[in-house]
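See below for the structure under consideration.
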């Protein structure tokens, strides 16, 4: 039976988000096209990702959260990163559904560009592994 997966992509940093999304989609298409149907919803920032997952939790078998938070001059980075990660983990545990965390937290845009090349793929691979083995 084919599994339904939702990618939730925060587009606050459009180029970074596109790179994350391309990595995830490439993995899904190459490795598991026969196994998974997927859709993508875009949101303004990573803080909105848990809400969209919660709203769609019964419609999909798994999720991949994609986005980027870059450290600035204030503690905002820490609050957003922590709140989003905790919300994603709580949703995954409460509903017993895998959620790949492809949200990168970086110190600058240069670091984000580098990490965005692999993190989407890694998040997709993690979710697929859970779906296949459990």
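No value in this document is a laboratory result; all are computed from the given coordinates. All figures in this text were calculated on a predicted structure; none of them were measured in a lab. Using ideal geometry, Cβ is built from the backbone for each residue, glycine included, and neighbour counts are taken over all protein chains shown.
Stretching residue 76 away from residue 18 to a fully extended chain increases their span by 18.5 nm, per 0.36 nm per residue minus the current alpha-carbon distance.
Would you mind classifying segment 17-134 by shape? Square roots of the alpha carbon gyration tensor eigenvalues, ordered a ≥ b ≥ c; an a/c under 1.5 is rounded, otherwise it is prolate if a/b is larger than b/c and oblate if not. In terms of gyration-tensor shape, oblate.
Counting each DSSP H run of 4 or more residues in the chain as -39500 (n - 2.57), what helix-only mean residue ellipticity at 222 nm follows after dividing by all residues, to the nearest 500 deg cm²/dmol? Could you put the intermediate results ahead of the total?
On the way: 4 runs with 71 residues, N = 134.
Per the formula, -18000 deg cm²/dmol.
Working from Cα pairs under 8 Å separated by at least six residues, relative contact order for the chain is 33 percent.
Legend: calculated FRET efficiency, residue 114 to residue 39, from the Cβ-Cβ distance at R0 = 30 Å, rounded to 0.05, equals 0.60. Give the angle, between 0 and 90 degrees and rounded to the nearest 10, that separates the Cα long axis of helix 76-95 from the longest principal axis of the Cα atoms of the chain. Tilt relative to the chain: about 20 degrees. On the beta carbon distance between residue 54 and residue 125, with R0 = 30 Å, the FRET formula returns roughly 0.80. Against the chain, whose longest principal axis is taken from its Cα atoms, helix 14-32 shows a tilt of about 20°.
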